[in-house]
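Asks: This structure is in structure tokens; I'll ask about it shortly.
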Amino acid sequence: MTTAIRDDFRSDTVTRPSAGMRAAMASAEVGDDVFGDDPTVHRLEAAVAERLGKAAGVFMASGTQSNLAALMAHCGRGDEYIAGMDAHCYAHEQGGAAWLGSIQPQPVPHQPDGTLALDDIEAAIKEDDPHLARTRLLAIENTFGGRVMPMSWISDATALARRHRLGTHLDGARVFNAAVAGNLDVAQIARPFDTISVCLSKGLGAPIGTVLVGEPDLVAKARRSRKALGGGLRQVGIIAAAGLYALDHNIDRLAEDHANARRLAEGFARIPALSVTPPDTNIVWVRVAPEHSKGYTDFLAAEGFGITGGYGKAQQRWVTHLDVDRAAVERAIAAAERYFMSAG
Ligand SMILES: Cc1ncc(COP(=O)(O)O)c(C=O)c1O
């Protein structure tokens, strides 16, 4: 029998809506959003666009739908987008850009800090030649695996893209984590991008929802593709209300998640069999000495800890969020100390 998860560090998507959020959802004013009639959705779209400093926004069912609709807004059939080899929109969305959007991905390798080398980006941009796909877009992710991408790099990479007349898209599923960690206005991070996808259901605690913001013509195109992608939802103000609640209540507190991640990393780093990457935000990556990998993974599961990337994977991933508090972090550290004390 498997033990139920008590302390769930698998992802910041596992949060359950709070009582306040549920109350906001229950009292949401709604209408049919496919007819453009839902006032709460309008408020959410405008609120996210305003925070990100963009002119327009469109509510999406998920980050995957939002990234795909954005790629389809920037690229036509047979066009190409450049993204990191491990970027979510390339590596973790079933290749939807290719099989649903008829868009060819051009992945480039990541540098150790998660960025893409400017030379690699430039080398991947195709000249106008009938043998080659037309490169249309550079897609960047921030945070990337929990790491905050340097603003100077973002600025250089997006300037390079513009010099080559490429569009720019930011997968900002966790862009508020980047803003809080860097003590920046999120609009500053968003400024160089034509489109930004922002998830409300990751660290921000909403049950569902992403908003794609950007230039009005691109957002209008994405709204059109959204319908074909099954994202034309009806009285979805009930969900948008959760997003508005998340914006009002759950952004500044991301600093707590980051502090909890730092505490977790510090505690684990004292154990010689664990090699820990100091976190920028709420995601802690841990390598376990191979001889302990299976035993420790099984132990954590038996003790009720949920993580991803256990035995057989290169690293464990521990994610802090609204529903794991400091006590859960201390339990995890104490459990690790107990295990490795007895494992010798
Ligand atoms: C960086 C990033 N982008 C996009 C997504 C996709 O979001 P969703 O799961 O809502 O489709 C995720 C999901 O975890 C993500 O981590």
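The values are calculated or read from the model by the stated rules, or taken from the named source; none is laboratory data. Keep in mind that this is a model prediction, so the values were computed, not measured. With ideal geometry, Cβ positions are generated from the backbone for all residues, glycine too; neighbour counts draw on all protein chains shown. Side chains included, ligands, DNA and RNA excluded: accessible areas come from the protein's heavy atoms. Shrake-Rupley method; radii C 1.70, N 1.55, O 1.52, S 1.80 Å.
Asks: Full-extension gain between S102 and A314, please, as 0.36 nm times their residue separation minus the C-alpha to C-alpha distance.
Replies: Length difference between fully extended and current span is 73.1 nm.
Asks: Counting Lys and Arg as +1 and Asp and Glu as -1, what is the net charge of the other residues whose Cβ lies under 14 Å from the Cβ of V175? Intermediate results must be reported in sequence, preceding the final value.
Replies: Values: positive: R51, K54, R147, R174, R191, K202; negative: D12, E141, D171, D185, D280.
Every neighbour counted, the sum reads +1.
Asks: Which angle between 0 and 90 degrees, to the nearest 10, do you get for helix 216-228 versus the longest principal axis of the chain when only C-alpha atoms count?
Replies: 70 degrees
Asks: 7 Å from Cα along Cα→Cβ at both A133 and T3: what's the point-to-point distance in nm?
Replies: Simple spin-label model gives 4.6 nm for this pair.
Asks: In Å², and per residue, what accessible area does the range 219-344 have when probed at 1.4 Å with the other protein chains present?
Replies: Numbers: 5820 Å² over 126 residues.
Using a 1.4 Å probe on heavy atoms only, each residue of the range 219-344 averages 46 Å².
Asks: Quick one: grab the alpha carbon gyration tensor of the chain, order the square roots of its eigenvalues as a ≥ b ≥ c, and give me rounded if a/c is under 1.5, else prolate or oblate depending on whether a/b is larger than b/c.
Replies: oblate
Asks: Tell me, what is the FRET efficiency for A220 and H164 to the nearest 0.05, using R0 = 35 angstrom and their Cβ-Cβ distance as r? Numbers along the way, then the final one.
Replies: On the way: r = 24 Å, r/R0 = 0.70.
Once rounded, the FRET efficiency stands at 0.90.
Asks: Specify whether the C-alpha gyration tensor of the range 108-257 places it in the rounded, prolate or oblate class, a ≥ b ≥ c being the square roots of the eigenvalues: rounded for a/c under 1.5, otherwise prolate if a/b is larger than b/c and oblate if not. Numbers along the way, then the final one.
Replies: Values: a/c = 2.46, a/b = 1.33, b/c = 1.84.
Oblate.
Asks: Under a crude label model (7 Å from the Cα following the beta-carbon direction), how far is A19 from R253 in nanometres?
Replies: Going by the 7 Å Cα→Cβ label model, 1.3 nm.
Asks: Also, quick follow-up: Each label point is 7 Å from the Cα along the Cα-to-Cβ direction; what then is the distance between the points at D119 and R77, in nm?
Replies: 3.9 nm
Asks: So which lysines pass the test for K221, namely a Cα distance under 27 Å, with those fewer than 8 places away in the same chain ruled out?
Replies: Reachable lysines: K54, K126, K202.
Asks: Stokes-Einstein at 25 °C, 0.890 mPa s, Kirkwood radius from Cα pairs: D for the range 114-203 in µm² s⁻¹? Present the calculation step by step, with values, prior to reporting the outcome.
Replies: On the way: Rh = 13.7 Å.
Estimated diffusion coefficient is 179 µm²/s.
Asks: What's the carbon and sulfur percent of the chain's accessible surface, probe 1.4 angstrom, rounded to a whole number?
Replies: Values: 7780 of 15300 Å².
So the carbon and sulfur contribution to the accessible surface is 51 percent.
Asks: Apply the a/c threshold of 1.5 to the C-alpha gyration tensor of the range 77-128 and tell me whether it is rounded, prolate or oblate. It would help to have the intermediate numbers written out before the result.
Replies: On the way: a/c = 4.36, a/b = 1.25, b/c = 3.49.
Because a/c hits 1.5 or more and a/b fails to exceed b/c, the range 77-128 counts as oblate.
Asks: Quick one: ranking D86, D12, D32 by accessible area, 1.4 Å probe, largest first, what do you get?
Replies: Details: D86 85, D12 0, D32 30 Å².
The residues order as D86, D32, D12, largest area first.
Asks: Please sort 306-316, 238-248 by packing, taking for each peptide the average over its residues of neighbouring beta carbons within 10 angstrom, highest first. Write down the numbers at each step before the final one.
Replies: Values: 306-316: 16.0, 238-248: 24.4.
Highest to lowest by the protection proxy: 238-248, 306-316.
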